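Following: one structure in structure tokens, then a few remarks.
The values are calculated or read from the model by the stated rules, or taken from the named source; none is laboratory data. Here the structure is a predicted model, which is why all the values come from computation and not from measurement. Glycine gets a Cβ as well: all are built from the backbone with ideal geometry, and neighbour counts include every protein chain shown.
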Amino acid sequence: MNRESEWLWIEPIIGSRRISNFCWAFILLLGALGFFFVGISSYFGKDLIPFLSSRQILFVPQGVVMCFYGIAGLFLSFYLWCTILWNIGSGYNKFDKKKKTVSLFRWGFPGENRRIFIKFFMKDIQGIRMEIQEGIYPRRILYLKIKGQQDIPLTRIGENLSLREIEEKAAELARFLRVSIEGL
């Protein structure tokens with residue numbers, strides 16, 4: 001967490017601009033282009049890309065299916081590149097003791113509700129809740145418990161924090177806000 005002073009705490013949130021998303025978008029784009037060009041090459045009967053042979057592939061049905069997979073992959077890749085470009089999910093958590101407010105900001109998809117901004121008073125915070133599930137896909141999420149509202153997640157879904165890191169993060173934030181921790 002990024003603590004600026006004893007009165008103000010700002011925690012930046014990384015959105016979809018992660019190295020893993022760049023890798024998956026690039027791999028998906030290359031694979032989709034490969035499928036599409038092999039399908040088109042089977043239609044024309046000659047290789048459009050020299051190292052991707054399509055001599056033994058008939059256009060109907062294999063070439064058509066490969067074109068379909070290529071087009072579907074291009075759409076998925078386009079979607080992933082757009083989320084990276086728009087940096088979906090990025091923002092910040094701001095805890096201000098002087099104003100006694102908490103502000104949560106995230107970027108969403110373009111449109112009327114692109115800016116997601118939630119603001120409430122610190123007096124409405126009941127505590128910090130930790131959700132920990134171990135197993136093949138461990139899930140460790142911090143929630144802010146608010147009076148009369150749903151719990152608000154403070155950590156990203158894909159953020160892989162160790163048990164020690166999530167406990168330290170919860171303890172620091174609970175100390176700063178002077179609230180209790182649930183779920184230990």
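Quick check, is Phe68 touching a strand residue (DSSP E or B) at 6+ places or on another chain (Cβ under 6 Å) and either within 23 Å of Ile146 (Cα to Cα) or not assigned by TED's automatic domain parsing to the domain that holds Ile146 (or both)?
It is false that Phe68 is touching a strand residue (DSSP E or B) at 6+ places or on another chain (Cβ under 6 Å) and either within 23 Å of Ile146 (Cα to Cα) or not assigned by TED's automatic domain parsing to the domain that holds Ile146 (or both).
Check Gly45, Gly15 and return the single one that is of a type outside the set (Ser, Thr, Tyr), out of contact with any Pro (no Cβ under 9 Å at 6 or more places or on another chain) and touching a residue at least 12 places away in the same chain (Cβ under 8 Å). Show your work before the answer.
Details: Gly45 fails: touching a residue at least 12 places away in the same chain (Cβ under 8 Å).
Step by step, each of Gly45, Gly15 is checked, and only Gly15 is of a type outside the set (Ser, Thr, Tyr), out of contact with any Pro (no Cβ under 9 Å at 6 or more places or on another chain) and touching a residue at least 12 places away in the same chain (Cβ under 8 Å).
In this structure, is Trp9 outside any loop (DSSP other than H, G, I, E, B) and surrounded by fewer than 18 Cβ atoms within 10 Å (Cβ to Cβ)?
Working: outside any loop (DSSP other than H, G, I, E, B): yes; surrounded by fewer than 18 Cβ atoms within 10 Å (Cβ to Cβ): no.
Spelling it out, it is not the case that Trp9 is outside any loop (DSSP other than H, G, I, E, B) and surrounded by fewer than 18 Cβ atoms within 10 Å (Cβ to Cβ).
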